[in-house]
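The values are calculated or read from the model by the stated rules, or taken from the named source; none is laboratory data. Given the structure is predicted, the values throughout are model-derived calculations rather than measurements. Neighbour counts run over all protein chains shown; Cβ positions are idealised from the backbone, glycine included. Calculation scope for accessible area: heavy atoms of the full protein, side chains included, ligands and nucleic acids excluded. Shrake-Rupley method; radii C 1.70, N 1.55, O 1.52, S 1.80 Å.
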Amino acid sequence: MKLFVSAGEPSGDLHGSNLIRALRLQQADVQITALGGDRMKAAGADLLYPLANHAVMLFQNVFRQLPQYFRIANTALYHIRTQKPDAVVLIDYPGFNWHVARLAKERGIPVFYYGLPQVWAWASKGSGTFTVPNDALWSCNALGQCMPVTPGSKVTIGSMPTWFNSAPLS
């Protein structure tokens, strides 16, 4: 099995490394290529770019980094197009990962969101509900415990209840 995993923040790198270790216990020969960080690399991923080491906040910082993010997205697209992974696993980081999801879905590759984005940063107009492009969702807490999320179900992140809608891209 070949997987592509993308995590753009240190917390996603931690969740990704735990996922990679768990996958390797189940299937030792799994091939994992990633955008992530040092933890994912140490867990056995072939790192295309250390995306988790370059997390930025605030619009002006993101704006300055746009050319770099376009290059990283092109690297991910090239890898997905040429290596044809069996699935793409995205961890949080929606501003970037939702583009990766669209690229993968356009090529018929299943997308799994592991570690959902925080609603207060990405909810539509503060409604408490947002749509995540995916084939399946998992929600993880700060202890790294994860569970599948049914589309339309209520999930509590911290003390904030959130409703997630699944929207497979076509």
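Structural remarks
- Put simply, of 23, 77, 47 the only residue that is part of a helix (DSSP H, G or I) and touching a strand residue (DSSP E or B) at 6+ places or on another chain (Cβ under 8 Å) is 23.
- Residues located in segment 1-18, provided they are outside any helix (DSSP H, G or I) and either touching a Gly at 6+ places or on another chain (Cβ under 9 Å) or open to solvent by less than 60 Å² (accessible area, probe 1.4 Å) (or both): 3, 4, 5, 6, 7, 8, 9
- Every pair of residues 6+ apart whose Cβ atoms lie under 7 Å, when the first sits in segment 4-26 and is farther than 18 Å from residue 88 by Cβ while the second is open to solvent by less than 50 Å² (accessible area, probe 1.4 Å) and in a helix (DSSP H, G or I): 10/52; 21/43
- Selection from segment 75-91 of residues that are within 16 Å of the chain's Cα centre (by Cα) and over 14 Å from residue 34 (Cβ atoms): 77, 86
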